[in-house]
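First the structure, in the form of structure tokens, and then the observations on it.
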Amino acid sequence: MDGASGGGGGGGGLAACPRRGRLRDRSRRCQPARLPDSRTRACSNIPEMLTILPPWFLCPQIDKYLYSMRLSDETLKDIMNRFRREMEDGLGHGTNPTATVKMLPTFVRSIPDGSEKGDFIALDLGGSNFRILRVKVTQDKKQPVQMESQVYETPDDIIHGSGTQVRALELFDHVAECLGDFMEKQKIKDKKLPVGFTFSFPCAQSNVLEYAAKTGKIILTWTKKFKASGVEGTDVVKLLNKAIKKRGDYEADIMAVVNDTVGTMMTCGFDDQRCEVGIIIGTGTNACYMEEMRHIDQVEGDEGRMCINTEWGAFGDDGSLEDLRTEFDREIDRGSINPGKQLFEKMASGMYMGELVRLILVKMAKEGLLFEGRITPELLTKGKIETKHVSAIEKTKEGLKKCMEILTRLGVEPSDEDCLAVQHVCTIVSFRSANLIAATLGGILSRLKENKGVARLRTTVGIDGSLYKMHPQYARRLHKMVRRLVPDSDVRFLLSESGSGKGAAMVTAWCLTCLKCMLLQKAFSFFLPRNRHFHET
């Protein structure tokens, strides 16, 4: 059977895809058709995905929407190499200004070593919810970390705030208000606890230790749903300190600001000393890793390592992924709040996955390939299919039932075959996401292996994010593809159970240690000249 001509019922094209009504009798269901060898080889990186399909699904009219989203191993290795080149451009002094993958130094020089201790507040801002934690780190081996947390909702009008800077600063007023409420409930308003701030947006900084920095953390651009104008190019620590001071009912020391990927790496590093990569796969996506200082042109010094925030969501903003973007990716981008930016993130992250599926279904329905051509206002409404729906549809046992419920709510009166087709669309879209992330992560892992000069890399990747955690198949697919792309490696994936807030507390503890050392060094350097002068006289 020729894979391009479809199967069952004779003839190619639409004639090979007779429309069946809602099936009630199991004996009338489509008999599965195995993909021909050539098609199976073309999709060898996703063996369980499309080896058995109903005959009508092999029609070229349907297949053409999805084929460009199936990425072969060769294509993924090419993406991995492209990303490696982008990483090198971001690290280079001469190439960094024009690089799309910015490779931002975080000034975090090591992962936790077990000596951390103290009582800290951690702020975690990066999505529609804002989380505050109280983290107590002790030397108690049975329970070294105790945490209490509370989640606060961030109103949409603040997230999307526009207009004057005064209007946009409501975001930091909101953070200060939530922090005051949390400290009140914890009965610690009279204490001045050190605060670590996880801020999940691209920022430039001169030092992780805010006390020692000449400048704080300058936000470069908003990503995901955030577009509060008047904040880009400003110091987020100064903005938050100003909001806290304006309240006047409590004090807080903002000791450190870190990206959520760094927080994730530090959280997992507390449990596994091999952890040297942090990844977020949720509403947005990003990664950090420990790079050799000798390769980081933006920072002085050649000894040791430093954590680099890759900001890989912007991969492709220079057109380097244009041959892989589909018409649906372009439509997603046109309808976003930041057209032309964060193109890799729009292809891979959870914020856009449900909408990608919806756009595919709309086009298929318009061409009569789904729902007998029925197109409803609900199906045409942006956001009606969410990533949580994609996850539900791909569940092994109840996926088709969930699919029927979701499509019925959209008013398209789906048949059993419609549900099968939609489930396969979801599978291909989410598979592509996992494969793209595997390719960029493969670029980081291959660089680590090269930096260490080892025949086989042994490392741990700390990972967090709603898409990775909630999608029933995502983690397994990602792990499998990473093993294929970087075969000479033993990679452990460690899920960050407590998010990136605990990591922010770890960085804060590290900063306190650094601050004490700095103060002692200053005191010692001040004493020595006086002592030498006393000796001479």
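Structure summary
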item	result
Radius, Kirkwood style, for the range 313-466 when every pair of distinct Cα atoms is counted (Å)	17.1
Peptides 181-187, 299-305, 370-376 ordered by average Cβ neighbours within 10 Å, highest first	370-376, 181-187, 299-305
Mean accessible surface per residue for the range 457-497, computed with a 1.4 Å probe while every protein chain stays in place, in Å²	44
Unit Cα scatterers, Debye sum, the range 320-384: log10 I(q)/I(0) for q = 0.13, 0.15 Å⁻¹	-0.38, -0.49
The range 270-315: C-alpha gyration tensor shape, a/c 1.5 cut-off, then a/b vs b/c	oblate
The range 400-418 and the range 62-124: distance between their alpha carbon centers, rounded to Å	38
Per residue accessible area of the range 75-159, 1.4 Å probe, in Å²	47
Of LYS142/LYS469; LYS102/LYS246; LYS102/LYS346; LYS341/LYS402, those spanning more than 29 Å from alpha-carbon to alpha-carbon	LYS102/LYS246; LYS341/LYS402
Accessible area per residue, Å², the range 293-375 with all protein chains present, probe 1.4 Å	37
Equivalent ellipsoid dimensions for the range 238-384 as semi-axes, Å, which come from the Cα gyration tensor, largest first	40, 23, 15
Label-point separation, ARG247 to ARG483 (7 Å along Cα→Cβ), nm	4.8
Solvent-accessible surface (1.4 angstrom probe) belonging to ILE79, in square angstrom, nearest 10	0
Portion, in percent, of the accessible area of the range 360-408 that falls on carbon or sulfur, probe 1.4 Å	52
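The values are calculated or read from the model by the stated rules, or taken from the named source; none is laboratory data. Being a predicted model, the structure only gives us computed values, none of them experimental. Virtual Cβ from ideal backbone geometry, glycine too; neighbours counted across all protein chains shown. We work out accessible area using only protein heavy atoms, side chains counted, and drop any ligands, DNA or RNA first. Shrake-Rupley method; radii C 1.70, N 1.55, O 1.52, S 1.80 Å.
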